[in-house]
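Please treat every number below as a calculation from the coordinates, not as lab data. Given the structure is predicted, the values throughout are model-derived calculations rather than measurements. When we count neighbours, we look across all protein chains shown, and the Cβ atoms used for this are built from the backbone with ideal geometry, even at glycine.
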Amino acid sequence: NYRLDIAGRPELSYQFRLRPDLFFFNHELLDFALVAVESTSVDQSVALNRFGYHRLIAESGKGLIKEWMTIIQHPAGARRQFAIRENQCVEDRDPDVIWYMSDTAQGSSGAPVLNDSFQVVALHHSGVARQDEQKNYILKDGRKVASLTDVDDAEVDWIANAGIRISRICACIATEATEKNGFLAELKTAMEGGDVLSN
């Protein structure tokens with residue numbers, strides 16, 4: 001609930017403790033992690049399941065070329081923002097990644113990328129910078145650099161954004177994650193459309 005209300009005022013938000021000691025799984029190549037979360041807020045005033053969740057659907061085909069995407073993000077840790085304009089899917093040849101146009105800002109990695117049916121298509125991963133045939137980055141002023149390290153973000157010619165496909169993440173979870181304390185079973189139930197109970 002870390003957002004502004006319709007009048008632009010901060011809404012009441014809540015903090016929940018992460019519990020990697022109870023469950024944790026990550027995959028570096030696909031750039032995601034699963035971690036258990038306390039079922040009640042730090043101040044004990046609200047249950048986590050009050051906020052619902054977006055189902056992760058394992059089947060592919062949720063994001064199609066030229067389909068419009070919506071991104072719900074917290075860039076740089078800011079309050080919730082929506083990227084809802086000019087967010088067309090433009091590339092889907094890679095089995096792990098889709099490309100889409102949007103106005104995401106730094107610090108938005110991990111944001112859900114949703115299709116018109118509000119199904120989660122991908123997790124936002126990074127911007128895609130223009131490159132030449134030798135894989136040098138082409139900056140807005142025409143200069144070419146081998147690395148974007150120490151290059152101001154405003155100088156980079158970003159051509160798209162990339163997100164890790166949810167279908168690929170679901171397949172990874174199914175084959176590589178191991179159960180601990182019932183959390184993986186709860187996630188799998190949610191992925192199949194079932195109710196999630198506080199663990």
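Spacing of the modelled spin labels on residue 140 and residue 58, each 7 Å from Cα toward Cβ, amounts to 4.5 nm. Computed from the C-beta positions of residue 7 and residue 88 and an R0 of 41 Å, the FRET efficiency is 0.85 to the nearest 0.05. For the chain, modelled as a GNM whose springs connect Cα atoms under 10 angstrom apart, the maximal fluctuation among 119, 134, 15 occurs at 134. Taking the Cα centre of the stretch 128-199 as origin and assigning +1 to Lys and Arg Cβ atoms and -1 to Asp and Glu Cβ atoms, the resulting dipole is close to 200 debye. Only aspartates and glutamates eight or more places from residue 180 in sequence, or on another chain, were considered; those with a Cα closer than 16 Å are 21, 38.
By how many nm would the segment from residue 44 to residue 192 grow when fully extended, if each residue of separation counts as 0.36 nm and the alpha-carbon distance is taken off?
Extra length available between residue 44 and residue 192 comes to 50.3 nm.
Before anything else, pin down the relative contact order of the chain: Cα pairs under 8 Å, at least 6 apart, normalised by residue count, whole percent.
19 percent
Using a Debye calculation, one point per C-alpha and no hydration shell, please list log10 I(q)/I(0) for the stretch 1-65 at q = 0.16, 0.19, 0.24 Å⁻¹ in order. Per q value, in the given order, log10 I(q)/I(0) is -0.83, -0.98, -1.09. Of the options (1) 21.8, 79; (2) 22.8, 82; (3) 18.5, 56, only one is Rg and Dmax of the Cα atoms in Å as computed from these coordinates, and that is (3).
Give the peptides 122-128, 153-159 in descending order of average Cβ contacts within 10 Å, highest first.
Numbers: 122-128: 21.0, 153-159: 13.4.
Order by mean packing, descending: 122-128, 153-159.
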